[in-house]
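Input: a single structure, listed below in structure tokens.
Every number here is computed from the coordinates shown, using simple stated rules; none is lab data. The structure displayed is predicted, hence computed values, not measured ones. Every residue, glycine among them, receives a Cβ derived from its backbone with ideal geometry; neighbour counts consider all protein chains shown.
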Amino acid sequence: MDDLPRARERTDFLRKALNHHNYRYHVLDSPEISDQDYDSMLAELKALEQEYPQLTTPDSPTQRVGAAPVEAFGVVQHSIPLLSMANAFSADNLAAWWQRTSGLLGDQDFDMVCEPKIDGLAVALTYENRLLTTGATRGDGYRGEDITQNVRTIRSIPLSVPGDAPPRFEVRGEIYLPKTGFKQLNERRLQEGIPPFANPRNAAAGSVRQLDPAITSTRPLDIFVYSLGWAEGAIIPGTHWDVMKWLNSMGFKTNPLITLTHTLAESQNVYDRWVTEHKDWQFEADGMVVKVNSLQMQSELGAIGREPRWAIAYKFPAVQGTTKLERIDVSVGRTGTLNPTAVLTPVQIGGVTISQATLHNEEDIHRKDIRIGDTVIVQRAGDVIPEIVGPVLSLRTGAEQVYHMPSLCPECHFEVIKPEGEAQHRCVNAACPAQALERIKHFVSRDAMDMKKVGEKLCEALFKAERVGDAGDLYSLTSAELMLLNHMGEKSATNVLASIEGSKQRPLGRLIFALGIPHVGREYGELLAGRYSSIDALGATSVEELAAIPSIGPKIAESIVAFFQLPRNREIIEKLRTAGVTLESTTETSTGQRRLDGITFVFTGRMEKYTRPEAEARVAQLGGKAAPDVSRKVTYVVVGDEPGSKAARATKLGIRVISEDEFLRMIEGD
């Protein structure tokens, strides 16, 4: 872009767009685009203004830190501006910042401090005479919103500090919502018919900026303090690293991951490690902040415009992006559920090209007001299937279409229903070919019968050729059929048949799961195998008997009984019996293997080695019982992490409470 009129037109457009998105992000707490898209637009505007300085205006986003405060909260003037940092997106960007900083310091070496860049709300907390007196948001960097009453509700923010603290000082930090709290908050909002928050930063900001502090107090907010703003009447440590330790000694919560580095290579190594590890942190972080450690050097370096020269934000690969929703496709699962999938204009997010995203069900689509043709925010968290956060409403043209699930199955054209109390639509045709194929794929999968040489493509080929119509047909395949139908060599065909033959000895729990009984996952398969000696015994049980088993409620019990009542399912089991598939439990019943006879357990809290259904299944295999609640008939209460009230009730009744390790020693015979 080399002519002034075109440059003026582009800068005008970028300023308006960035100011709009700045307002949505900082004031309304409702962002419409990803951080990556915003940063890209801002970088383009900065480049244009550097090339054409005469186009820089006072209201340009490059001349300010954030958005104006909401006057309803009252305004706090920041004694020292809360600046925001320049961004680095690659190792080369970080190296360029390091070289530039070193040059400004006369080519001196300098230590650095690496900190997770928390995705939350930046705040300044002022203390006078040992007491918290003011809490304020960043605002525009010079004036923020007075949120004192709200921050006082956050338990990790100290209301007072030790007597040796400075008479007056300010700390700065990031208020955030832990991942578990964010998930629970959004689930509650959806239940109440309220749009979910787009991300934890949005949720934290919305929680802190409530006019009613009572609402803020109900949300599990937390904080990490990341710097000292200023202090009066005290000698301050000379490095940022020591300042953080000093603040921590006064009761402020600092991030335990903060790392002191001495070289550029060390800082890059920390980033490389965190890129992988941050997915498992209990808080959202979108990058790593790198700061010059020496406060004297920080003072020498100063700031340029809105950004300190002594720090940079090294961003992690993006997890959000925007793209167009082209259409919604529907697939049919093995239990008849209709599963909508968003087909997207391909977009790069976190180094991966995304062209599809999950859409759960019709209620979820309408709750988020997602329409065909929308520009949507797509989120990728770790390696899971991407999901659509919501639409960018400001980009709607009016041509977008509200989506409704089909009334007929897209595979067999039978009626589609939505059972009462369920979120998903279902095809009612028990002979639906899509369901049959998905059940076969499930049967051969790793967690089920684990036929390693029978992949999805082979299942599809055999099903299309009408050679395999259900799981039982797999066991009558011949080498000649495989070589003819799938154009494979004799050795490959032999390997496939060996894989099928080997599956005949899988444990009963695996087989129960492989049959694809609705609502019966692998854990419940193991639990049922511990209760019943064979498929025939399970198939002959009643709803009442099943519902009485801990962890098995009426819905799962009804599903199991209904499965065995269907003639087509009984036919499959007979095919398996004829083929020699093991339909009985192989668990030994000797005295040594029934060491828990007469012992009843109750489980509470989260266990490490077993899930609760798996633990209950193991108890049943060893002759014991598992109860859903504490009573005088219970022998032991096994306590895992974050136990509920059952442990206290057990103590009150005089029932022995044991740890998971003690339980493991009991079932392992030590």
Pick the calculated Cα extents along the principal axes in Å for this structure from (i) 84, 70, 48; (ii) 102, 92, 48; (iii) 67, 58, 52?
(i)
Give me the number: length gained by fully extending residue 133 to residue 179, i.e. 0.36 nm times residue separation minus the C-alpha to C-alpha distance, one decimal in nm.
13.6 nm
Which lysines does residue 625 reach when only Cα atoms under 16 Å apart count, and residues fewer than 8 places away in its own chain are ignored?
633
Rg to Rh for region 453-606: what is it, with Cα atoms only and Rh by Kirkwood?
1.05
Take the cross-link list 418/441; 279/368; 183/279; 253/609; 16/315; 491/575 and give me the ones stretching past 20 Å between alpha-carbons.
418/441; 279/368; 253/609; 16/315; 491/575
Binning every alpha carbon pair distance of region 593-668 at 5 Å from zero, what are the percents per bin?
3, 18, 31, 28, 16, 4, 0
Calculate, for residue 542 and residue 281, the FRET efficiency according to 1/(1 + (r/R0)^6) with r their C-beta to C-beta distance and R0 60 Å; round to the nearest 0.05.
0.80
Between residue 149 and residue 273, what FRET efficiency follows from the Cβ-Cβ distance if R0 is 35 Å, with the result rounded to 0.05?
0.35
DSSP-loop trypsin sites (Lys or Arg not before Pro) across region 94-181, with at most 14 other Cβ within 10 angstrom
155
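For region 200-353, what ratio Rg/Rh do Cα atoms give with a Kirkwood hydrodynamic radius? Mind dumping the intermediate values first?
Working: Rg = 21.6 Å, Rh = 19.9 Å.
Result: Rg/Rh = 1.09.
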Where does the chain land at 222 nm, in deg cm²/dmol rounded to the nearest 500, when only DSSP H runs of n ≥ 4 count, each adding -39500 (n - 2.57), divided by all residues?
-10500 deg cm²/dmol
What does the convex hull of the alpha-carbon atoms of region 98-164 project to on average, in nm²?
7.5
Any idea what Rg and Dmax come out to for region 508-579 if you just take the C-alpha atoms, in Å?
11.2, 34
Efficiency by 1/(1 + (r/R0)^6): what FRET value for residue 402 and residue 187, r their Cβ-Cβ distance, R0 = 25 Å, to the nearest 0.05?
0.55
Just the ratio, please: alpha-carbon radius of gyration of region 260-324 over 2.2 N^0.38 Å, N its number of residues.
1.36
Between residue 329 and residue 629, what is the label-point separation in nm under the 7 Å Cα-to-beta-carbon projection?
4.8
Compute from the Cα atoms of region 433-505 the Rg and the Dmax, the latter being the longest Cα-Cα distance, and quote both in angstrom.
11.1, 31
Which order do 274, 281 fall in if you start with the one that has the fewest other Cβ atoms within 10 Å?
281, 274
By counting other Cβ atoms within 10 Å of each Cβ, how are 377, 572 ranked from fewest to most?
572, 377
Inverse mean reciprocal Cα-Cα distance (Kirkwood Rh) of region 320-417, Å
14.0
Which cysteines does the chain leave without a neighbouring Cys Cβ under 4.7 Å?
114, 459
Here region 402-525 gives, from Cα atoms, an Rg and Dmax in Å of 16.6, 52
